[in-house]
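Here the structure comes first, spelled out in structure tokens, and everything after it is commentary.
The values are calculated or read from the model by the stated rules, or taken from the named source; none is laboratory data. Just so we're clear, the structure is a prediction, and the values are computed from it rather than from any experiment. Cβ: placed from backbone, ideal geometry, glycine included. Neighbour counts: every protein chain shown. Calculation scope for accessible area: heavy atoms of the full protein, side chains included, ligands and nucleic acids excluded. Shrake-Rupley method; radii C 1.70, N 1.55, O 1.52, S 1.80 Å.
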Amino acid sequence: VQLQASGGGLVQAGGSLRLSCAASGRPLSWYVMGWFRQAPGKDREFVIGMNKSRVRKYSSDSVKGRFTISSDNAKNTMWLQMNSLKPEDTAVYYCAARVAPWSGKHPLSDMDYWGKGTLVTVSS
């Protein structure tokens, strides 16, 4: 599967932004899906994920209650809705897919496919 993230940009603190991840080649529904981010000078970190049934979702403590993940099988697209953005949310955001099952009870890892990132900059 090929993944393409888009929707990044510059937003003021407190604002909202929605990122998209369009999949091609295979149905998105075949995969556990997640969003990750990498801030300048830092390692890439898990943000939020959902299992294959899309029932179980898990987010990092830093975004809990502010970010939500969703998808549409018909559009073969996943989204990351980001609300109440903070300057510390500034990062390159990546969407990723994993073949192996995931319980949805802990941060995602061991992703098999990655999209190119999209930059989100939150100004104070």
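Overview of values
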read-out: Heavy-atom accessible area ranking, 1.4 Å probe, most first, across Met82, Met111; value: Met111, Met82
read-out: Convex hull volume per residue in cubic angstrom - Cα atoms of the chain; value: 91 Å³
read-out: Overall Cα dimensions of segment 12-67 - principal axes, largest extent first, Å; value: 35, 22, 22
read-out: Listed residue (Asn73, Met111, Tyr94) projecting farthest to the positive dipole end of the chain, Cβ model; value: Asn73
read-out: Total formal charge among the other residues, if their Cβ is under 14 angstrom from that of Gly8, Lys/Arg +1 and Asp/Glu -1; value: +2
read-out: Peptides ranked, highest mean first, by Cβ atoms within 10 Å: ranges 117-124, 6-13; value: 117-124, 6-13
read-out: Ranked order, Lys105, Lys57 - accessible area, probe 1.4 Å, largest first; value: Lys105, Lys57
read-out: Residue pairs, from the table Lys42/Lys105; Lys52/Lys116; Lys52/Lys86; Lys52/Lys105, whose Cα atoms sit over 20 Å apart; value: Lys42/Lys105; Lys52/Lys116; Lys52/Lys86
